[in-house]
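Since the structure comes first, as structure tokens, the remarks are kept for the end.
The values are calculated or read from the model by the stated rules, or taken from the named source; none is laboratory data. Worth saying up front: this structure is predicted, and the values here are computed from it rather than measured. Please note: Cβ atoms are built from the backbone with ideal geometry, for glycine as well, and neighbour counts cover all protein chains shown. Remember, those area values only see protein heavy atoms, side chains included, never the ligands or the DNA or RNA. Shrake-Rupley method; radii C 1.70, N 1.55, O 1.52, S 1.80 Å.
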Amino acid sequence: MKNSKALLTTSFFAPIQYYCKLIQYPEIIIEQWEHYSKQSYRNRCNIYGANGVLPLSVPVVKATNKKVFTKDVKISYDTNWQKLHWKGIEAAYKSSPFYEYYIDDLERFFTQKWDFLLEYNNEIQKEIFGILEIDPIIKFSEDFIDFGTSEYDDFREKIHPKVSKLETDDSFTARKYTQVFGDKYGFIENLSILDLIFNLGPDSLSYLESINSNL
């Protein structure tokens, strides 16, 4: 940790690596003035399904302009993706130790509708904070923050499904924990925070802290 502030993108049921930053840094800045980038954790997460990694993606309304700010990205409901996500999560985690304990608190994210992706992700994040019993200081960028700004530790492009964390983030090293289909496919690291809370429950925060304690 070089700075006291971390710079992150918005994220849909963010990966474990992301949550390690949320508890590690005294202050978090969420970038909302960037031009929206597809195929990232901004609108997708990875869970552990019966056949391995199962990506869940939130469809967004196609912008008339190629460049749209993240804060202005709208969610599309042309398909019933919420129902599909709900079924996918149920199939993946129904037999996990803490599924029944948390699932009712998460149901509204697959039944209610939000207009904007940023707003939706923010509400999800608040719910996860409650589950983890954490209260990080979160602020949103007032303008686009240039890459290389020395005031922040910038993880906007380092926490990404297509970027190897080993190449970009030497402060994160996953530790194994028991996963539902681990006997079949082995341990899969850095999945959505959903995988952690359904499998570890109240011990999820201790897990995140143990990773940061190795820094």
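Beta carbons closer than 6 Å, at least 6 apart along the sequence or on distinct chains, never pair a first residue in region 93-110 that is within 11 Å of D195 (Cα to Cα) with a second that is exposed (fewer than 12 other Cβ atoms within 10 Å of the Cβ). From the list R42, R108, pick out the single residue that is open to solvent by less than 20 Å² (accessible area, probe 1.4 Å) and either at pLDDT below 95 or among the basic types (K, R) (or both). R42 is the lone residue from the list that is open to solvent by less than 20 Å² (accessible area, probe 1.4 Å) and either at pLDDT below 95 or among the basic types (K, R) (or both). Please go through region 46-88 and give me each residue that is touching a helix residue (DSSP H, G or I) at 6+ places or on another chain (Cβ under 7 Å), open to solvent by less than 60 Å² (accessible area, probe 1.4 Å) and of a type in the set (A, V, I, L, M, F, W, C), ordered by number. Correct list: I47, A50, L56, V58, V60, V73, I75.
Do we find a residue being within 19 Å of K158 (Cα to Cα) and without any contact (Cβ under 8 Å) to a residue 60 or more places away in the chain anywhere in region 2-9? Talk me through it step by step, then tell me what you get.
First pass over region 2-9, keeping only residues within 19 Å of K158 (Cα to Cα): 2-9.
When the remaining residues are screened for being without any contact (Cβ under 8 Å) to a residue 60 or more places away in the chain, the result is 4.
Yes - at least one qualifying residue is present in region 2-9.
Scanning region 1-33 for residues that are more than 16 Å from F140 (Cβ to Cβ) and open to solvent by 20 Å² or more (accessible area, probe 1.4 Å) yields M1, K2, N3, S4, I23, Q24, P26.
Tally the residues that are among the polar types (S, T, N, Q), within 11 Å of L7 (Cβ to Cβ) and exposed (fewer than 14 other Cβ atoms within 10 Å of the Cβ), restricting the search to region 138-156. Before the answer, list the steps.
As a first pass, look at region 138-156 and keep what is among the polar types (S, T, N, Q): 141, 149-150.
After this cut, where a residue has to be within 11 Å of L7 (Cβ to Cβ) as well, the list is 141, 149.
Going one step further and asking which of them are exposed (fewer than 14 other Cβ atoms within 10 Å of the Cβ), we end up with 149.
Going through region 138-156 one residue at a time, the tally reaches 1.
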